[in-house]
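The values are calculated or read from the model by the stated rules, or taken from the named source; none is laboratory data. These numbers were taken from a predicted model, which means no experiment stands behind them. No Cβ is skipped: glycine too gets one built from the backbone with ideal geometry, and neighbour counts run over all protein chains shown. Note: areas computed on protein heavy atoms with side chains; ligands, DNA, RNA excluded. Shrake-Rupley method; radii C 1.70, N 1.55, O 1.52, S 1.80 Å.
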Amino acid sequence: MDGESPTPRGSLPGLLLITLASLSLEVVLTRILSVTTWYHFAFLAVSLAMSGLALGALRVHLQPGRFPAAAVPAACARHSLAFAATAVAALGLHQVLPMQADWGAAAWSTAAITVLALTLPFYCAGVVACLVMTRFPRQSGQLYSADLVGAAAGAVLPLVLLPLSDPFSVVLVTSATAAAAACCFQRRRRYSASAAVLLLLAVVQGSSAVIQKPLLRLRHAHGEAEQEPLWERWNSYSRVTVYGDPERPTPPFGWGFSPHTPAYPIRQLALTIDSGAATWLTHWTGESEELEFLRYDVTQIGHSLRANARVAVVGAGGGRDLLAAKIFGQRHVTGIEINPLVLEAAHNVYGDFTGHLNRDPAITLIQEDGRKWMQRRANRGALEAEDRFDLVQLSLIDTFAATAAGAFSLTENPLYTVEAWQAFLDNLDTGGILSVSHWYFAQRPAEMYRLTALAAATLLERGIDNPRLHLLLARMQPDDPAFTDGVGTLLLSATPFTDADLARFEGRCQELGFDVVLSPRQASDVQFAELLSPQAPAFRAAYPLDLSPPRDRRPFFFHLLKLRDFWRGEFRQQGNMTLNQDAVMLLSLLLVVSCSLALGYLLLPLCWRSFRRRFAAAAGARRLSLHFAALGAGFMLAEIGMLQEIGFRLGNPTQAMAVTLVGMLLGAAWASRNSHRPSRQRLLAPPLLLLLAWILDLRRSADLGRPSSWLASLDHYLMVFVCGWVLGSFLPRALRAAHRQAPQLLPWFWGLNGAFSVLAGAVALPLSLSLGLPALLPAAAACYVLALWSTPAGDGVGADRVMGEGVMGGRGDGGGSRGGG
């Protein structure tokens, strides 16, 4: 290995730009896949990136003769330009071959082609990064710093550009950046021309998207052809679209309307989020008669029990719940909506259509995460009477849209936990009601069972011995036999419902044709009575699905499958279980593929006799292999653990993404720059990870009540920076030791590190689903204990300068992987 050749000119900016392009493409792919496929496929972008990077390192290792030091600039330039071309081509192919929502042969074939195409750009980036970092150790400190700076910029770039344009523009900018990297490695007119053309195309596409006339747009969503929307905007964690004809009256659309709803048409538009969650923009000119149909919706039954009330709507959406509060004559309504694009569409772009509810003095709109807003008020202590609500409403606000920061979290939801419902009840006045509407699946209403178990646990923790006196449940079941699933509304109060409340509730249900499923007087389904009885723990344990009340430590309300049932197929036919089961099956499949990749990376090179000879001749090769594998898995688990914990707290995906990735990258960069100095900071890794897990768990409720501001996130940033600084001290020394002991195996160690990062990324989600969010940091600590035990001899300070720490940004000790970015 020609490890002592001088670093060619342009390597620093070239490595920075290709790293920026790679991480930027990875982030924007999570957004695209969330819309074009399904929410649980979005995190595949991260696995594809890590796999591609590891494969690139493997190619460098298996064919070292094709990449002598003198030919590295040309090879890096070619692969950088190939990244630019394959990134654009892969997105185009994904548009032509949409993934299908089934498990048939055609769907698998399409998925395989898509996965292969989307992996190619990252493979090219892996070749470039591996060549630069392993062929020129003399400037490894500077090279790795450039790698991390590029990764930090790549993590932030899509978060900045997406609200200003669209994903196609971001992909073109990413490709232009990769072409610019080719120019840095080798000055050729075709490289600079390619960068200029791609950048020009990005500007044209972005400008056309701003004026709502994009030259390129998504043609498929969730495997189906998509019509052209009236309005479309993106941000870093959603795509918001508006469909319909604003002039054409249609019957009111909803899932919980009574069969006695007046049959008159209204003007309405559909507003969708990531093509998977919908709300409605209702035309209103200020006349009450236009909104009479809202009185017949089961989601609004709470208004019948509390008149002249102060109402809070968590998840205001298109404003239909706000209008319902007005038609019921409520005193004041506060609407809380996390997505600014939803508020912009409903009250600015289509404000004339919806009646400009934001200008109504009886309506207050707040753009923030509803759980954080309620938790902050609850954490203040006793609220004044005028600050309390008589009705807090959550109506079908669930979404399966993935976020750039939360793609790993799958079904993580901070609204459906015992601690969240305690905060909601703390915001209610005496006699106030929490109204939660959810899908009621007729065949197996497991989610409604779990909702009831959650309500019971919340009341029991408040010292209420008989929760049944505090709960009411109404259901609207459609008459259409082809649509067997309905909507249920659960009413919960910290004080027992009075006889007058029960009379109004039962009378209204009888009048509108709703089923009274649960009340202090009756239970049409005996399972609900069991869930509220003293035998509830035994009943939940015996039930085939997980009905345990979710808590903030394990906030996965929609994950109903028990660990032993991950691969059982009968639940897929149980109506409500289809989507969840498919997601879990995909996770299981990803775990199998990741294990196969890690095992294949270990065994495939053994087919080469030359590799077997080099491995046998290298001093300490087995110990080095274990060390690099432990570092890859440990850093990935730590990064995903911090990302999940901070994302859950901040309630702002963009902010969580920036805080976690940038903090980890800069901390690791600082450690790498100084790793040539004597230090024992590596010994701090296991206790630090355990300490962070304890601190984050202890502060969970307090953090959730803090404002969602960048200043308020400073302590989280410091936590991840320190974590990156400690963990970032391992791999530079390990690579230096490997360079001295087995230089011919260095690319293979690098790729091995990446392969086990892929494996850890697949393991992280099932681990947090089963054991909760705090489980990942202790698991990472265990990996670093193994890394310390297998530390190679001579990895301390030597004559060589520090080798780089990973292949790409966010990888710290993730090596050839992306480290969860």
Q) What's the long-distance tail for the stretch 212-292, i.e. % of Cα pairs beyond 18 Å? A) 51
Q | Spin-label zone in the stretch 301-330 - amide nitrogen under 12 Å from a point set 7 Å from the Cα of T364 along the C-beta vector | A | 310-313
**Q.** Separation of the S596 and S524 label points, Cα + 7 Å toward Cβ, nm
**A.** 4.8
Q: Report in % the part of the accessible area of the stretch 162-234 that belongs to carbon and sulfur, leaving out ligands and nucleic acids; probe 1.4 Å.
A: 61
**Q.** Residues in the stretch 616-638 reached by a label modelled at L691 [backbone nitrogen below 18 Å; 7 Å Cα→Cβ]
**A.** 638
Q) What FRET efficiency would be calculated for the residue pair W789, L698, taking the C-beta separation as r and a Förster radius of 25 Å, to the nearest 0.05? A) 0.30
Q | Selection from G667, S701, A630 lying farthest towards where the dipole of the stretch 609-708 points positive, charges on Cβ | A | A630
Q: With a bin width of 10 angstrom, please list the P(r) values of the stretch 730-785 as percents of all Cα-Cα pairs, from the 0 bin to the one holding the largest distance.
A: 21, 39, 26, 13, 1
Q: Starting from the Cα-Cα distance between R623 and T495, subtract it from 0.36 nm times their residue separation and give me the gain in nm to one decimal.
A: 39.7 nm
Q. Remind me, what semi-axes does the stretch 100-236 give for its equivalent ellipsoid, largest first in whole Å, using sqrt of 5 times each Cα gyration tensor eigenvalue?
A. 32, 22, 14
Q) Tell me, in nm to one decimal, what length is gained between E292 and Q142 on full extension, where the rule is 0.36 nm per residue of separation less the Cα-Cα distance? A) 47.2 nm
Q.
I'd like the distance separating the alpha-carbon centroids of the stretch 532-555 and the stretch 629-649, in whole Å.
A. 28
Q | In nm, spacing of pseudo-spin labels at R462 and Q227 (7 Å Cα→C-beta vector) | A | 4.4
Q: For L683 paired with R553, estimate the spin-label separation in nm (one decimal), with each label point 7 Å from Cα along the Cα-to-Cβ line.
A: 3.1
Q: With a 1.4 Å probe and all protein chains in place, put W280, W789 in order of accessible area, largest first.
A: W789, W280
Q) Solvent-accessible area per residue for the stretch 289-391 at a 1.4 Å probe radius, Å²? A) 34
**Q.** Solvent exposure of the stretch 107-182 as accessible area per residue, Å², 1.4 Å probe
**A.** 23
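Can you give the Rg to Rh ratio of the stretch 164-303, both from alpha-carbon atoms, with Rh computed by the Kirkwood formula?
1.20
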Q.
Between Q510 and R380, how high is the FRET efficiency from 1/(1 + (r/R0)^6) when r is the Cβ-Cβ distance and R₀ = 51 Å? Nearest 0.05.
A. 0.80
Q) Which value in Å does the Kirkwood hydrodynamic radius of the stretch 177-238 take, with 1/r averaged over all unlike C-alpha pairs and then inverted? A) 14.0
Q) Once the Cα atoms of the stretch 610-692 are picked out, what are the Rg and Dmax in Å? A) 17.0, 53
Q) Put I113, I640 in order of accessible area, largest first, 1.4 Å probe: what do you get? A) I113, I640
Q. Using only Cα atoms, what Kirkwood radius does the stretch 472-553 have, in angstroms?
A. 14.7
Q: Could you give me the percent of Cα pairs per 10 Å distance bin for the stretch 240-370, shortest bin first, beginning at zero and ending with the bin that holds the maximum distance?
A: 13, 46, 37, 4
Q) Karplus couplings for the stretch 309-314 from phi (6.51 cos²θ - 1.76 cosθ + 1.60, θ = phi - 60°), rounded to Hz, Gly and Pro as x? A) 9, 8, 10, 10, 10, 8
